[in-house]
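Right, I'll just put the structure down here and ask away after.
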Amino acid sequence: MKLKQIIPTRSAWAHLRFVFSVFLLPVYLFAFSQSLAINVWHAVLIFFIWHLLAFPASNGYNSYFDKDEESIGLLEKPPVVDISLYYFSILLEAAAFLLGFFISWEFAFAVLIYGIMSKLYSHPATRLKKYPIISFLTVFIFQGCFIYYTTYSALSGLSLFRHWDTGFIVAGAICSCLIGASYPLTQVYQHDEDSRRGDITISILLGYKGSFIFSGAMFASGIACSFYYWHMADKMSNFYFFLACALPIFLFFNYWFYKVGQSTDNANFKNAMRMNFLSSGCMLIYFGVLAVMR
């Protein structure tokens, strides 16, 4: 390895897809809103580790081994990957792990576990991505409840092993359901390219119609978990606010589903990005308000 191979090229910066981390920001905001007394320095550092180091590193590592030629999340025409993407993603991940010790050893190892799972998901030797159920569960858990549980614990200054209760578990389930609802729709326009690589994604397994039905069921599960969570907390106004924020998502989801029913050509990159930005924007408003009003 040469020093210049660590310096990211323009292609590498593009594949890190920092903006894509915004799609996962609602999980952090939810954990922030529900945490106990917060150390501001820790809150900033945890945000930095996840959203500017660990998540982009995972994006870059995945892109390096996918070598996509067609549209991927946020990149309609992805540039050709190079070795700097591989080395720089490893460097970001190492930095995230080491900085995690400034929070706690538990958080540092949570970051490490996340990095390991992203490698198992992408690397040709394991390539969890090619197994539809395993890949779905990997994303469902490690971008949903795992991030919530570890972030909440780190923000609150608590050990991850000592405060499991019903509310804590259900809050993580809400995050996983929302992530699980989005996941098949991020793949619905990539059937041809994923098939050529031998990756049988959950969207390919379910088909176009099945992907939408499954996503709708996951989102409905998230709504049910949200109802239960806020009912237990006696804060039903937060649930009604969730429904209001979810309404635009529901409307566009059904419109897109209808269009795909007319022609599968509508299961395309443009509509998928519209769905991603709309759902992320609405959930950012919801969880952002919760974080501000905590």
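The values are calculated or read from the model by the stated rules, or taken from the named source; none is laboratory data. A quick note: this is a predicted structure, and the numbers were derived from the prediction, not measured. Neighbour counts run over all protein chains shown; Cβ positions are idealised from the backbone, glycine included.
Report whether or not residue 142 is modelled with pLDDT of 90 or more and more than 20 Å from residue 202 (Cα to Cα).
no
Does residue 39 satisfy the condition of being under 30 Å from residue 156 (Cα atoms) and either out of contact with any Lys or Arg (no Cβ under 7 Å at 6 or more places or on another chain) or free of Cβ contacts under 8 Å to residues at least 40 places away in the same chain (or both)?
Answer is yes for this residue.
Here is a further query. Inspect all residues belonging to the range 95-117 and state whether any of them is among the small types (Gly, Ala, Ser), touching a residue at least 60 places away in the same chain (Cβ under 8 Å) and over 27 Å from residue 40 (Cβ atoms).
No, the range 95-117 contains no residue that is among the small types (Gly, Ala, Ser), touching a residue at least 60 places away in the same chain (Cβ under 8 Å) and over 27 Å from residue 40 (Cβ atoms).
Let me ask something else. For the range 15-56, which residues satisfy the criterion of being surrounded by 22 or more Cβ atoms within 10 Å (Cβ to Cβ) and β-branched (Val, Ile, Thr)?
Within the range 15-56, 27, 46, 49 qualify.
Among what's in the range 231-258 and is without any contact (Cβ under 8 Å) to a residue 12 or more places away in the chain and farther than 16 Å from residue 216 by Cβ, pick the residue that is surrounded by the fewest Cβ atoms within 10 Å (Cβ to Cβ).
234
Then there is this: When you check residue 155 against the structure, is it farther than 24 Å from residue 223 by Cα and in a helix (DSSP H, G or I), yes or no?
When the stated conditions are applied, residue 155 passes them.
What is the number of the single condition among (1) under 17 Å from residue 186 (Cβ atoms); (2) modelled with pLDDT under 95; (3) surrounded by fewer than 16 Cβ atoms within 10 Å (Cβ to Cβ) that residue 261 does not meet?
Checking residue 261 against (1) under 17 Å from residue 186 (Cβ atoms); (2) modelled with pLDDT under 95; (3) surrounded by fewer than 16 Cβ atoms within 10 Å (Cβ to Cβ), the one that fails is (1).
Please work out which residue is farthest from residue 28 (Cα to Cα), limiting yourself to the range 265-284 and to residues that are among the small types (Gly, Ala, Ser) and in a helix (DSSP H, G or I).
By that ranking, first place goes to 272.
Can you tell me which of (1) farther than 26 Å from residue 33 by Cβ; (2) modelled with pLDDT under 95; (3) over 16 Å from the mean Cα position of the chain (by Cα) is the one residue 133 doesn't meet?
Answer for residue 133: the failing condition is (2).
Do we find that residue 93 is of a type outside the set (Gly, Ala, Ser), more than 14 Å from the chain's Cα centre (by Cα) and modelled with pLDDT under 95 in this structure?
The answer is no for residue 93.
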